[in-house]
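Nothing in this text is a laboratory measurement; each read-out follows from the coordinates by a stated rule. As the structure is a computational prediction, the values presented were derived from the model and not from experiment. When we count neighbours, we look across all protein chains shown, and the Cβ atoms used for this are built from the backbone with ideal geometry, even at glycine.
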Amino acid sequence: MSYELSAMNEDHLQELLTNVWQKTGYDFREYRRQTIERRIARRIALLNVTDIPAYRALLERNPEEYWHLIGELTIKVSRLFRNPYVFEFMDQAIWPELLRPPGADKHLRIWSAGCAYGEETYSLAISILDHMERKKIPLKGYEITIIGTDIDEEALMLARAGQYDSTSVGEVKKRLLDRYFYYESNPPIPPLTKGGKEGLLKGGASAKFLFGKGGHPLYPPSEKGSPYIPPLGKGSPYIPPLGKGDTGGFSGETGYYTVVTRVKEMITFAVHDLTSPTIMSPPPGVVTNYDLIFCRNLLIYFAPALQERVLFKLLRVLNPGGYLILGESETLPPQMADSLQVFDKRANIYQKVK
């Protein structure tokens with residue numbers, strides 16, 4: 001069954017998003033409407049229900065569907081070292097500045113916001129660590145805090161595991177791949193939650209998968225093109241919320257690249273809602289001022305008013321002289337021009353006015 005976007009009633013949509021917020025704490029009411037509508041329509045069509053009221057009724061009967069919907073609405077498409085020019089520029093122009101002898105304070109604070117499965121957070125850690133090792137800058141001379149945050153706790157579980165398939169590491173230079181990853185031809189599924197449950201692959205083959213919050217499965221290795229269909233009850237088939245390129249680091253291959261321990265130890269992953277009106281910065285420690293904030297390809301999913309509020313929040317916790325890195329198609333509102341100056345246009349990097 002197909003579901004036409006034109007059939008989506010605005011009041012019904014608002015009621016649905018309010019339900020999601022009330023039941024789960026995730027607020028999508030100010031996300032870009034076109035993206036939200038398209039993904040909800042996809043979910044409705046896949047579940048073979050007629051419209052939003054019917055979908056809300058299904059949610060009442062099967063509350064676990066809320067978590068499948070959140071998986072659909074939280075977009076996680078990334079790769080390690082995505083857009084290599086950005087990291088090359090950081091190696092040449094930003095790390096040398098931030099790693100200058102800073103006197104008594106040698107604490108460098110980095111925040112990777114909306115980090116999904118951790119690809120960009122690990123890229124940042126590898127980039128700065130590789131720079132220091134090549135330049136023979138002793139790591140012990142600095143206290144480096146790197147925090148990766150996302151609203152999706154299950155995505156962060158996978159991020160902590162640090163396992164990625166060949167597609168995810170496709171833009172990593174061989175030198176970095178050899179030095180900061182190790183390859184496992186048949187690695188164990190990361191212990192994301194306690195225990196595992198047996199489910200069925202399409203076609204009836206048995207497969208093991210892990211369940212997370214809400215009782216829905218995480219994204220373990222599977223036969224390519226054969227999504228997991230766990231037994232959620234009669235009439236409630238699980239239809240994976242993954243979109244194109246959204247595999248949680250897994251693509252059905254039998255071998256994976258795992259981030260080495262010394263890189264993992266540089267990073268703290270934490271749940272944080274960047275859109276929260278009350279919480280300013282991530283929870284780990286008391287860090288509120290950052291030298292670099294990496295927030296790429298997240299703002300494009302927000303409506304303009306929410307984009308602006310999030311950007312001003314990032315500006316408030318960015319140190320004077322600190323760097324804000326946005327996605328290629330993301331821009332600053334004109335009223336921020338006096339506070340942030342373009343540092344590199346191609347990489348879309350801004351520096352806070354001192």
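I'm a student and want to see the number: the projected area of the Cα convex hull of region 1-154, averaged over all directions, in nm².
Hull-based average projected area comes out at 11.8 nm².
In what sequence, highest mean first, do 171-177, 41-47, 329-335 appear when ranked by Cβ atoms within 10 angstrom?
41-47, 171-177, 329-335
Mind listing the phi-derived Karplus ³J(HN,Hα) values for region 316-329, rounded to whole Hz, using 6.51, -1.76 and 1.60 with θ = phi - 60°, and x for any glycine or proline?
Each residue of region 316-329 in turn: 5, 9, 8, 5, x, x, x, 10, 10, 10, 10, x, 4, 9 Hz.
Amide H to amide H under 5 Å from H107: which residues, 5+ apart in sequence or cross-chain, H placed 1.01 Å off N in plane?
When sequence neighbours closer than 5 places are left aside, the close amide H contacts are E143.
Which of the pairs K23/K313; K140/K354; K135/K264; K23/K76; K76/K313; K313/K354 have their Cα atoms more than 24 Å apart in this structure?
Pairs exceeding the cut-off: K23/K313; K140/K354.
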